[in-house]
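First up is the structure itself, then whatever we jot down about it.
No value in this document is a laboratory result; all are computed from the given coordinates. Bear in mind the structure is a predicted one, so any value in this text is a computation, not a measurement. For neighbour counting, all protein chains shown are included, and Cβ atoms are generated from backbone atoms with ideal geometry for every residue, glycine included.
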């Protein structure tokens, strides 16, 4: 079965979405991530969407759900790399991803995660 | 069907029946939008709108087709997409077009959101009559 890989980097999990996801693939990622957070006791999840050319309401909802479920499982989520055209479209669509922390790129996202963990 | 100025240069259609077809529909719309010379932001908006409508066709319409026409009005090119299904149709269109309302488990942004992302939006539907939604974006 087709899957989005989840990499472990210390206490963080790293997900780079590089394919145009169909809905089932997005749902599988959501479940896989929850399972990996439990198994690894990860404290942070970084999702890189710099390769995604569109984010529609379904993928937007998946991102919000991941942020919500990881919070409940004691992990922080940071979404990084959103393309400007995608950001403009999402806002116009009516999705502002409340509760999802974002950073411009993976490096900034990592330091945001580290900062948050030190503070908490 | 919605009338728009200009002439049709190229047309085609494809099935939108299973989830994977939504991805293929996005790819077709990307290819055609590029061909029309759409700017990146407009293209992204149009593909996103198409994605919402294609998903609706699969989930609520029980599958259908996406028809497309490349339009030309003078030197300006545009793209018209029509999503049609023979599903149950929409009884309360006003409600379905409002933000946050959903009959399924979505966010309720599909129809209203898609409308905001395009230049022209037209919907024909009635209970038992299926749904036909036409959208246009000019480059």
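Going by how many other Cβ atoms sit within 10 Å of their own, how do A:64, B:13, B:33 line up, fewest first?
Working: A:64 18, B:13 14, B:33 25.
The most exposed by this proxy come first: B:13, A:64, B:33.
At 7 Å along Cα-to-Cβ for each site, give me the label-to-label distance between residue A:39 and residue A:96 in nm.
Each label point lies 7 Å from its Cα, and together they span 3.8 nm.
Starting with the fewest neighbours, write out A:9, B:38 ranked by other beta-carbon atoms found within 10 Å of each beta-carbon. Please list the in-between numbers first.
Working: A:9 11, B:38 23.
Fewest to most other Cβ atoms nearby, the residues stand as A:9, B:38.
Quick one: grab Rg to one decimal and Dmax as a whole number for chain A, Cα atoms only, in Å.
For chain A, the Cα-based Rg and Dmax read 13.3, 39 Å.
Using only C-alpha atoms and all pairs of different ones, pull out the Kirkwood radius for region B:7-138 in Å with one decimal. The partial results should precede the final answer.
Values: mean 1/r = 0.0683 Å⁻¹.
Every distinct Cα pair counted, the radius reaches 14.6 Å.
Using 0.36 nm times the number of residues separating residue A:105 and residue A:50, minus their current alpha carbon distance, what extension gain do you get? Provide the component values of the computation, followed by the final result.
Working: separation 55, 0.36 × 55 = 19.80 nm, distance 0.81 nm.
Length gained, residue A:105 through residue A:50: 19.0 nm.
Mean residue ellipticity at 222 nm from the helices of the protein assembly as shown, using -39,500 (n - 2.57) per DSSP H segment of n ≥ 4 over the full residue count, to the nearest 500 deg cm²/dmol?
Mean residue ellipticity at 222 nm (helix-derived): -13000 deg cm²/dmol.
Taking R0 as 45 Å, what FRET efficiency do you get between residue B:19 and residue A:118 from their Cβ-Cβ distance, rounded to the nearest 0.05? Each step should come with its number before you reach the end.
Working: r = 42 Å, r/R0 = 0.92.
The value I calculate is 0.60.
Can you give the angle from 0 to 90° between the axis of helix B:40-59 and the longest principal axis of chain B, with both taken from C-alpha atoms, to the nearest 10?
30 degrees
Under the definition of Cα pairs under 8 Å and six or more residues apart, what whole-number percent is the relative contact order of chain A?
24 percent.
Among B:39, A:116, which comes first, then next, by fewest other beta-carbon atoms within 10 Å?
Working: B:39 11, A:116 14.
By the 10 Å Cβ count, ascending, the order reads B:39, A:116.
From the alpha carbon gyration tensor of the protein assembly as shown, can you work out the equivalent ellipsoid semi-axes (sqrt of 5 times each eigenvalue) and give them in Å, largest to smallest?
Numbers: eigenvalues 255, 78, 47 Å².
The answer is 36, 20, 15 Å, longest axis first.
With angles folded into 0 to 90 degrees, how steeply does helix B:19-35 sit against the dominant principal axis of chain B? Use alpha carbons for both and round to 10.
20 degrees
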